[in-house]
Amino acid sequence: MSTDERHALQGHRLRELIDRLLAARGLQGDRLRAAGVDAGGAVGMRDLPSLPTTTKQDLWDAYPFGLLAVPREEVVAVHGSSGTGGRPTLVGYTRADLDLWGEMVARSLGCAGATVGSVVHNSYGYGLFTGGLGFHLGGIRLGATVVPVSSGMTDRQLRLIEDLRPQVLACTPSYAVTLGEAARASGADTSSLRVGIFGAEPWSDSLRTQLEALLSVKALDVYGLSEVIGPGVATECLEAQAGLHVNEDHFIVECVDPASGTPVADGEPGELLFTTPTKEGLPLLRYRTGDIASLDRSSCRCGRTLVRMSKVLGRRDDMLVIRGVNVYPTEVEAVLLGHAGLEPHYVLVVDRRLPSTELIVCCEAQAGEQHRATLVRELHERLGLRADIRILAPGTLPRQEAGKAVRVLTWSDGPAPLPFLDGVAR
Ligand code: DLL
């Protein structure tokens, strides 16, 4: 679709959404009225930046079903995330929402070159989390063969990969490392795999290089969040692997300065906001994701005209402030894993036992000491960061079997968060 055509479609859908929100008489409708909007017809795409926003706090305040725009009986499934900072975030899906979700994830799989008959090994967790069931619906919608293996039990996963010979692996990047290393250790044959669709947590291009080598696949990034729909909001294409195409006919994206909320220029990092004009159960107006990325409207070599978002740098609240230097964990990851000889495992420990915060970077390598001086220099040169580097023997750090990787631990007082740090003095 041309960008002009899509812009017209977005405007039309936005007006319909506003009418639905006003009619539902909930929080979002009230905010629209308070902002002087009492009919969708009066609003165009250019007015979007001045419309009210929605936040995760609004979802928590209205927990569990307060923000629904349809009667509760029309909700046919509930998904969400357990969340780190509070109550679970729950989202109700109508039958039409599930259809839309399936179509969006089918597009993600299409971005990865999957087609009717492709075998998709789906190791995203099944349950409340949207990863497993999202790829399940998407694979079925596409007409692929889904292997609903969910996360964990890595030996069984390898057996299924050997037996069913999937071309597509869908899982978190951290689980892809676990699976790849287990295959390498056991000699399991994963040679049928062509492409991995990895998302649900931030990961760097350095990890991409390592994963592509470990699993002999093209590694693509897929982004999404339960509040918007789950996976299928945006996906990298196989052709360019350069930015994630946002399905903006259904998810209108904006990028704003996280502090002021004003739009940032294309190419500048900012917080992503999504409006979901075609969702029924829990449609959202200008939802503030907290995720930091930039937008790119240049044309892509794959031919898709959809705007691309960069890889997510991190969440607004994940930024580390180490003695005045602001860094996202993915920036540290990019330096560490870009360094030949380091294993794709690391944990950042923010040591807050004294007023001046220190960063302890724990990573793994054979013959570790030879890497220390270069890592110290690269972290300082590229990020301005001075860190205490601990290079450990391979296998020391905890491995990811299920859920999202925990890359950052805080040490405020008491025992060390990782046993090998006991006795580290400040
Ligand atoms: O993580 C949905 C998903 C499942 C996406 C499977 C991709 C694959 P939630 O559990 O609600 O939903 O978590 C959403 O995870 O706001 C981001 O902070 C982060 N996130 C999701 N995908 C990516 C990604 C799913 N590709 C939150 N890169 C989002 C970086 C991501 N962060």
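Read-outs: derived from the displayed coordinates by stated rules, not from any lab. Keep in mind that what you see is a predicted model, and the values were worked out from it rather than measured. Don't worry about glycine lacking a Cβ; one is built from the backbone with ideal geometry, like all the others, and counts go over all protein chains shown.
Things worth noting here:
- Hits among lysines - C-alpha to C-alpha of Lys56 under 18 Å, sequence gap 8 or more where chains match: Lys279
- Bridge type composition, the chain - antiparallel percent by DSSP, nearest 5: 60
- Here the peptides 304-313, 130-139, 158-167 are ranked by packing, the mean other Cβ count within 10 Å, and the order with the highest first is 130-139, 304-313, 158-167.
- Shape descriptor for segment 93-315: Rg over Rh equals 0.97 (Cα atoms; Rh from the Kirkwood inverse mean 1/r).
- Size descriptors for the chain: radius of gyration and Dmax over Cα atoms are 22.0, 67 Å.
- Sorted peptide list for 212-219, 68-75, 257-264, criterion being average Cβ within 10 angstrom, highest first: 212-219, 68-75, 257-264
- Between helix 130-142 and the chain: long-axis angle, C-alpha atoms, 0 to 90°, nearest 10: 70
- The chain: angle of helix 3-24 to the longest principal axis, Cα-based, in degrees nearest 10: 70
- Here is the list for segment 263-300: trypsin sites (Lys or Arg not before Pro) lying in DSSP coil, each with at most 13 other C-beta atoms within 10 angstrom of its C-beta, are Arg297.
- Set of aspartates and glutamates with alpha-carbon distance to Lys404 below 12 Å, sequence-local pairs under 8 removed: Glu201
- Compactness relative to 2.2 N^0.38 Å, alpha carbon Rg of segment 377-426: 1.39
- Taking the centroid of alpha carbons for each part, segment 112-173 and segment 1-46 are 37 Å apart.
- Axis of helix 95-111 versus longest Cα principal axis of the chain: the two differ by about 50°, to the nearest ten degrees.
- Sequence ranges 403-410, 196-203, ranked by mean other-Cβ count within 10 angstrom, highest first: 196-203, 403-410
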